[in-house]
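S.K.: Take a look at the following structure, please.
Please treat every number below as a calculation from the coordinates, not as lab data. Everything quoted here is computed from the prediction, not taken from an experiment. Reconstructed Cβ throughout: ideal geometry from the backbone, glycine too, with neighbour counts over all protein chains shown.
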Amino acid sequence: MTAYTLGEAGALALARIGRRAGALPSRGETTPRPVLRGSREAGTFEDAFFARPAKGETDHLLRVARRALDAGRMLRRVARRGERVLSASERLVTQLSAGAVRVLEELLTLSRLNHGRVYPSYDHLARVTGLGRATVARGLRLLEEIGFLVRQRRFARLNADGAGPRIAQTSNAYRLMLPRGIAAHLPRWMRPAPLPDDEAQRLATRDAEQQAMRQSLSCRELALATLDGPLGRMLAKLGAGIDARDATGPSASASLTLIRNPSLNHLSSKEARDAPPTI
């Protein structure tokens, strides 16, 4: 019998569920559907994807982007003079263009007006910004790489009669956010305030308690606490089988240790039995 880790079992179960639900095939498979890979059906995920911006948040993001644009120009001068070698994050900031910031400005305007629900087409962004469609596409890709936005491809179902596809690609959904790596290039007054010591200690204590709670759960309980829906139920059944094997004897306990911790596979059976079980 082949042993799988919990992550491998989850990936296999997710792939099986995707095939049953008619999801798009993975890389390497062919599809006659006119939809890009990684697309999700419009109207099925937006409530959980979008986030309504707080008061003044869109204006703050725009000021950050403009400051990052200035920082990129200064970093390019530093690189041309050969004063030092730029880091990977700094090289990414140097690629930020005025066109990308203009695209971000329009996305922020839509976010403020539509309560965070942003899904314009490339043609709309090109028309309102006065930029070319290819420039808009490059700007969106760069903003995504820096971390100013998260992009999700979407497809919509068609009410068509006769032969032909029943789904088609539609506009992407965008969620705007403040990049973590950009803070080092901002003036001090624009950087996020550090957490108070008591709040940092409270979060560290909470994380330690959650980790200890997860370590005390059985495989079935861990699956139910981590995932829901068909995948969670499938992993719960798999975890129940592993728990049953764990309760049958020392040999099963050793097998369970290898399943839970693949890094111990190089050990002998006796060493594996002596090793503490982990999840």
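S.K.: With 10 angstrom as the radius, rank 233, 84, 175 by how many other C-beta atoms surround their C-beta, starting from the fewest.
M.R.: 84, 233, 175
S.K.: Using the number of other C-beta atoms within 10 angstrom as an exposure proxy, rank 123, 47 with the fewest first.
M.R.: By the 10 Å Cβ count, ascending, the order reads 47, 123.
S.K.: Another question, if that's okay. Take the alpha-carbon centre of region 151-178, take the same for region 76-141, and report the distance between them in whole Å.
M.R.: Distance between centres, Cα-based: 23 Å.
S.K.: Once a ≥ b ≥ c are taken as the square roots of the eigenvalues of the Cα gyration tensor of region 23-180, is the result rounded (a/c under 1.5), prolate (a/b larger than b/c) or oblate (a/b not larger than b/c)?
M.R.: Note, shape of region 23-180 comes out prolate.
S.K.: Tell me, 113, 108, 224 in order of fewest to most beta-carbon neighbours within 10 Å?
M.R.: Listed from fewest to most nearby Cβ atoms, that is 113, 224, 108.
S.K.: Stretch residue 163-residue 122 to full length: gain in nm at 0.36 nm per residue minus the Cα-Cα span?
M.R.: 11.9 nm
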